[in-house]
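The values are calculated or read from the model by the stated rules, or taken from the named source; none is laboratory data. Predicted model only: the values in this text are computed from it and were never measured. Glycine also receives a Cβ, built like all others from the backbone with ideal geometry; neighbour counts cover every protein chain displayed. Side chains included, ligands, DNA and RNA excluded: accessible areas come from the protein's heavy atoms. Shrake-Rupley method; radii C 1.70, N 1.55, O 1.52, S 1.80 Å.
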Amino acid sequence: MNRVGSLLISTCVKALAQSMPTNVMLDLVRKLIPNYDLHGRLGFPRSMAIPNKDAARQIIKDTVKNDCFIDFVLLMVDAGNNGVMGRRYSIPYMNQIILGVFDLGYIYDGVNNIFVENPKNRLSRNWGTLKTGKDYGFAFMRLDIAGNSKMVRENSEKDVHKAYKYLREVTTRAVLKRNGRLWSWDGDGGLASFFFGNKQQSAVIAGKEILHELFFYNYLNCPLKTHLKVRIAVHSGTFEYSPYEEDLKACDAVKKVMEIESYFTKPGTMTISQPVKFMLDNIARTGIKLLQGKGATEYHNYELILESK
């Protein structure tokens, strides 16, 4: 966060100093930096009142230093919209401050009330904003190549590499255009995550796009002896964010989406859980049908029927 410019910093200092008393500023900053000691930071005696401008300047300086400046701006936005301890604060210069954050390479996600990195500028695993150890809601899309072992055995290494490379490119493109992230890829499949907006719908539409792209690829360009088919599953749930693979595998929502893909998804289809289905609009629900069979009635399936070569 050391990229925060002096103009943005000075604007935030003015906005704080002109809009709220020091004790309210402290309530905000302590949500991000527990036990924050403003007197100690400034070297002021405990009995001495701290002028608003001095307090604002030190607090903004420390949020930048502690890499929580963007989070503090969000608290300022919330103080203006919803108030602090029952009182709303009219904070000047908020438009200029938000534009300054945009210039840092972020966009605002109103659904989650969070700034996330602009995908045109950067593509970080955590969208440039998620904190390790904090719970967030995600939609997960699991993709696996059906009959991988047989396909590798019956086709040349060159053709397998070419087809699998195409699949990863298609998957990556479908995920990134909806501001999702491909969190893992192990050669014959992977896991994508979607975080903001209608994340469930984004995941389902990405899955549909992958199936549609493979439909044409199989008939026009696939070098394999049989069609390249995948199983796709979508489920949503919480995850205590971590950049580590072992923590991701321990997540209940991730375990569930892998179970759906393994046990309730036929090759060439996508299966979605009931919570995901509930979040879809009428257009996104097109072609999605309730699964039949033992243990499957809580899931819904989207299928493209491909003829064998």
message: Students often forget the sequence filter, so: which aspartates and glutamates lie under 12 Å Cα-Cα from residue 266 once same-chain residues fewer than 8 apart are removed?
response: 144, 303
- prompt: Which of the lysines could be linked to residue 199 by a straight reach, that is with a Cα gap under 23 Å, when you skip same-chain ones fewer than 8 residues away?
  reply: 120, 131, 134, 177, 208, 249, 255, 256, 277, 289
- prompt: What distance in nm separates the simple spin-label points at residue 88 and residue 37, each placed 7 Å from Cα in the Cβ direction?
  reply: 3.8 nm
message: Can you give the local net charge around residue 209? Use residues other than it whose beta-carbon is closer than 10 angstrom to its beta-carbon, Lys and Arg +1, Asp and Glu -1.
response: +3
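Could you work out the percent of alpha carbon pairs in region 258-309 separated by over 16 Å, rounded to a whole number?
More than 16 Å apart: 39 percent of the Cα pairs in region 258-309.
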- prompt: On full extension of the chain, what length is gained from residue 286 through residue 103, given 0.36 nm per residue of separation minus the C-alpha to C-alpha distance?
  reply: 62.0 nm
message: For the chain, what does the accessible surface come to per residue with a 1.4 Å probe? Please give it in Å².
response: 51 Å²
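Classify region 1-150 from the C-alpha gyration tensor, please: rounded if a/c falls under 1.5, else prolate or oblate depending on whether a/b exceeds b/c.
In terms of gyration-tensor shape, prolate.
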message: Under the 0.36 nm per residue contour assumption, what length would be gained going from the current alpha-carbon distance of residue 278 and residue 186 to full extension?
response: 30.1 nm
message: If R₀ is 45 angstrom, what is the calculated FRET efficiency for the pair residue 27 and residue 255, using the beta carbon separation as r and rounding to 0.05?
response: 0.70
message: Just to be sure I understand the curve: with the Debye formula and one point per C-alpha of the chain, what is log10 I(q)/I(0) at q = 0.08, 0.12 Å⁻¹?
response: -0.48, -0.84
- line: Measure of exposure for residue 103: accessible area at 1.4 Å probe, Å² rounded to 10, is 130 Å²
query: How many nm separate the modelled label positions at residue 120 and residue 148, each set 7 Å beyond the Cα in the direction of the Cβ?
result: 3.7 nm
query: Amide H to amide H under 5 Å from residue 129: which residues, 5+ apart in sequence or cross-chain, H placed 1.01 Å off N in plane?
result: 117
message: I need the chymotrypsin sites (Phe, Trp or Tyr not before Pro) found in region 229-309, filtered to DSSP loop residues with at most 16 other beta carbons within 10 Å of theirs.
response: 244
query: Near residue 225, which lysines are there with a Cα under 16 Å away, not counting those fewer than 8 places off in the same chain?
result: 150, 158, 162, 309
message: In whole percent, and with a 1.4 Å probe on the protein chains, what portion of the accessible area of region 22-153 is carbon and sulfur?
response: 48 percent
- line: For region 155-240 (alpha-carbon point model, no solvent) the Debye-based log₁₀ I(q)/I(0) at q = 0.20, 0.26, 0.27 Å⁻¹ works out to -0.91, -1.37, -1.45
statement: Once phi for every residue in region 130-138 is put through the Karplus expression 6.51 cos²θ - 1.76 cosθ + 1.60 (θ = phi - 60°), the whole-Hz ³J(HN,Hα) values, with Gly and Pro written as x, are 5, 9, 4, x, 9, 6, 9, x, 10
task: Take the Cβ-Cβ distance between residue 212 and residue 67 as r, set R0 to 51 Å, and report the resulting FRET efficiency rounded to the nearest 0.05.
output: 0.80
query: When the scattering of region 107-207 is computed by the Debye formula from its Cα atoms alone, each counted once and equally, what is log10 I(q)/I(0) at q = 0.18, 0.25 Å⁻¹?
result: -0.85, -1.37
query: Highest GNM mean-square fluctuation, the chain, Cα pairs closer than 10 Å: which of 49, 250, 17?
result: 49
statement: The ³J(HN,Hα) series, computed from each phi in region 139-145 with the Karplus coefficients 6.51, -1.76 and 1.60 at θ = phi - 60°, rounded to the nearest Hz and given as x for glycine or proline, is 10, 10, 10, 9, 10, 9, 7
statement: Interchain or sequence-distant (5+) residues whose placed amide H lies within less than 5 Å of the amide H of residue 146 are 229, 230, 231
